[in-house]
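Q: One structure, as structure tokens, below. Some questions next.
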There are 2 protein chains.
Amino acid sequence: METTWEDRLRAAGLRVTRPRLSVLGVLAEHPHVDADTIATAARAVHPSISPQAVYGVLKALVGGGLARRIEPAGAPALYELRVGDNHHHLVCRECGVVADVDCAVGAAPCLTPSEAAGFVVDEAEVVFWGLCADCQVERRKHVLGSVESTEGVEA
Amino acid sequence: METTWEDRLRAAGLRVTRPRLSVLGVLAEHPHVDADTIATAARAVHPSISPQAVYGVLKALVGGGLARRIEPAGAPALYELRVGDNHHHLVCRECGVVADVDCAVGAAPCLTPSEAAGFVVDEAEVVFWGLCADCQVERRKHVLGSVESTEGVEA
DNA sequence: GCGTTGTCTTGAATGAGTCAAATGACGACG
DNA sequence: CGTCGTCATTTGACTCATTCAAGACAACGC
């Protein structure tokens, strides 16, 4: 990686501050994290950072195009640094783990609805729901142990 | 419509109660509504219904497969009665209006990620973000009236 | 170094949604 | 048709993520 975070912050018209560098550092290590986890991790390198500062920093980063906010249903918002490449996400129904999926098309909107009902679409957000590798193993163990089929997933 | 709501409730193993019929009635008239709006509208036919009862009813309906819950980013959850036909949604960035889009494929998951990273995918949730017809007109008016380009939508 | 302006801290508030105990209604069974 | 067990609703308090507001502070241009 050539361009530093400082450069990118400045390029986005944002000031370079310790809280922002801390948050960027955390995001660089953990691809998909929620605000609370970021606050905890950032406190390791900058102890006096407050939860609200994290929210402020994240809003600034998202506004400046340095970060992206994703909100999987039923979970707190997650933040990631991969922006500009219109990619999608795999979410585990069990543990909530998120993985990136490259978009075949590349440019947004990668999909076009058959009938747009007068809408002008600029982005197609795709979320793949399923079970991650770990949770599949876990699930299989339980099925073997006892009959627990409270699922009934239909089409 | 042949089968009544009573039949469907019973078929799902749920009791037939006035709050449930009220909520179903509201959902039948309004395709995409949040819990609070449902509570207000349902109160018109059943004044003593409480907000918590609405949550309980909705959870029962979703659990019984009679309703579906969708959670657009940055907005309270919406509920709809169209279930079973894997369709998707158009959401307006400005006013939050939601429209249905039929899925070309029909069966879930209608899409398959290129590399599933060990996930077993059972559903692909697609949300098309854009501007509805009304908000396009509104936006155009503002652009003509004054220079307000606080947007910067990229890619 | 100095001032301006944007950013962080501190503290409190909002709003969606949930949990728990007690009353009440549905519907099966007699 | 009446009784009873079970599920549903009511009432009330509570959690959690996120936001708002006012003052202290630090970054950047000069």
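Please treat every number below as a calculation from the coordinates, not as lab data. In this text, all values refer to a predicted model and were calculated from it rather than measured experimentally. Cβ atoms come from the backbone with ideal geometry, glycine included; neighbour counts cover every protein chain shown.
Q: Mind putting a number on the dipole of chain B about its Cα centre? Charges go on the C-beta only, +1 for Lys and Arg and -1 for Asp and Glu, and I need it in Debye to the nearest 20.
A: Working: 14 positive and 21 negative charges, 151 e Å.
Taking the Cα centre of chain B as origin, the dipole is about 720 debye.
Q: Let me ask something else about it. Counting only other chains, and only Cβ atoms inside 10 Å, what mean value do you get across the residues of B:128-137? Don't jump to the answer; show the numbers that get you there.
A: Values: counts 13, 8, 10, 5, 5, 5, 1, 2, 3, 0.
Neighbouring Cβ atoms belonging to other protein chains average 5 per residue here.
Q: Which whole number gives the average, over all residues in B:58-69, of C-beta atoms from other chains lying within 10 Å of the residue C-beta? Walk me through the numbers before you get to the answer.
A: Numbers: counts 0, 0, 0, 0, 0, 2, 1, 3, 0, 0, 0, 2.
The shielding value for this peptide is 1.
Q: Here's a follow-up. With n ≥ 4 as the cut-off for DSSP H runs, can you work out [θ] at 222 nm for chain B, using -39500 (n - 2.57) per run divided by the number of residues, rounded to the nearest 500? Each step should come with its number before you reach the end.
A: Numbers: 5 runs with 56 residues, N = 155.
One gets -11000 deg cm²/dmol as the mean residue ellipticity at 222 nm.
Q: With r defined as the distance between the Cβ atoms of A:Lys59 and B:Arg82 and R0 fixed at 41 Å, what FRET efficiency is calculated, to the nearest 0.05?
A: Working: r = 35 Å, r/R0 = 0.84.
The value I calculate is 0.75.
Q: Normalised by the number of residues in chain B, what is the relative contact order in percent for Cα pairs under 8 Å and 6+ residues apart?
A: Working: 172 pairs, mean separation 24.2, N = 155.
The value is 16 percent.
Q: Sticking with this structure for a sec: Within the set of other residues whose C-beta is less than 9 Å from the C-beta of B:Cys95, count the net charge using Lys and Arg as +1 and Asp and Glu as -1. Write down the numbers at each step before the final one.
A: Details: positive: B:Arg93; negative: B:Glu94, B:Asp134, B:Glu138.
Local charge sum for B:Cys95: -2.
Q: Hey, another quick one. How many Cβ atoms of partner chains, on average, are near each residue of A:90-101 if near means within 10 Å of its Cβ?
A: Details: counts 7, 4, 2, 4, 0, 0, 0, 2, 0, 6, 3, 8.
Counting other chains' Cβ atoms within 10 Å and averaging over A:90-101 gives 3.
Q: Next question. Which one, A:Val16, A:Val83, A:Val121, has the greatest fluctuation when you compute a Gaussian network model over chain A with C-alpha springs under 10 angstrom?
A: Largest GNM mean-square fluctuation: A:Val121.
Q: Could you give the length gained on full extension between A:Thr112 and A:Glu6, defined as 0.36 nm per residue of separation minus the Cα-Cα distance, in nm? Write out the running numbers ahead of the final one.
A: Numbers: separation 106, 0.36 × 106 = 38.16 nm, distance 3.71 nm.
So the chain would gain 34.5 nm between A:Thr112 and A:Glu6.
Q: Of A:Leu144, A:His32, A:Ile49, whose Cα points farthest to the positive end of the dipole of chain A (charges on the beta-carbon: +1 Lys, Arg; -1 Asp, Glu; origin at the Cα centre)?
A: The Cα lying farthest towards the positive end belongs to A:Ile49.
Q: If you don't mind, another one. Pull up all non-local amide H partners of A:Ala67: gap of 5 or more, or a different chain, and H-to-H distance under 5 Å with H placed in the peptide plane.
A: A:Val62
Q: Let me ask you something else. Give me the dipole magnitude in Debye, nearest 20, for segment B:1-83 about the Cα centre, with unit charges on the beta carbon: positive for Lys and Arg, negative for Asp and Glu.
A: On the way: 10 positive and 8 negative charges, 56 e Å.
Once rounded to the nearest 20, the dipole reads 260 debye.
Q: Here is a further query. Shape of chain B from its Cα gyration tensor (a ≥ b ≥ c, root eigenvalues): rounded if a/c is under 1.5, otherwise prolate when a/b > b/c, or oblate?
A: Values: a/c = 2.49, a/b = 1.34, b/c = 1.85.
It is oblate, given that a/c is not under 1.5 and a/b is not larger than b/c.
Q: With charges set only on the Cβ (+1 for Lys and Arg, -1 for Asp and Glu), what does the dipole of segment B:54-135 come to about its Cα centre, in debye to the nearest 20? List each step's numbers first, then the result.
A: Values: 5 positive and 11 negative charges, 56 e Å.
In total the dipole reaches around 280 debye.
Q: Something else now. Which of the lysines could a cross-linker bridge to B:Lys59, judged by Cα under 30 Å and excluding same-chain residues fewer than eight apart?
A: A:Lys141
Q: Multiplying the sequence separation of A:Val16 and A:Asp122 by 0.36 nm and subtracting their Cα-Cα distance, what value in nm do you get?
A: Working: separation 106, 0.36 × 106 = 38.16 nm, distance 3.12 nm.
Working it through step by step, the gained length comes to 35.0 nm.
Q: Please find, among residues of chain B, the one with the beta carbon closest to the rotation axis relating it to chain A, distance in whole Å.
A: B:Val126, 3
Q: If you don't mind, another one. Within segment A:60-75, what residues put their amide N at less than 16 Å from the label point 7 Å along the Cα-to-Cβ vector of A:Val45?
A: Within reach of a label on A:Val45: A:61, A:67.
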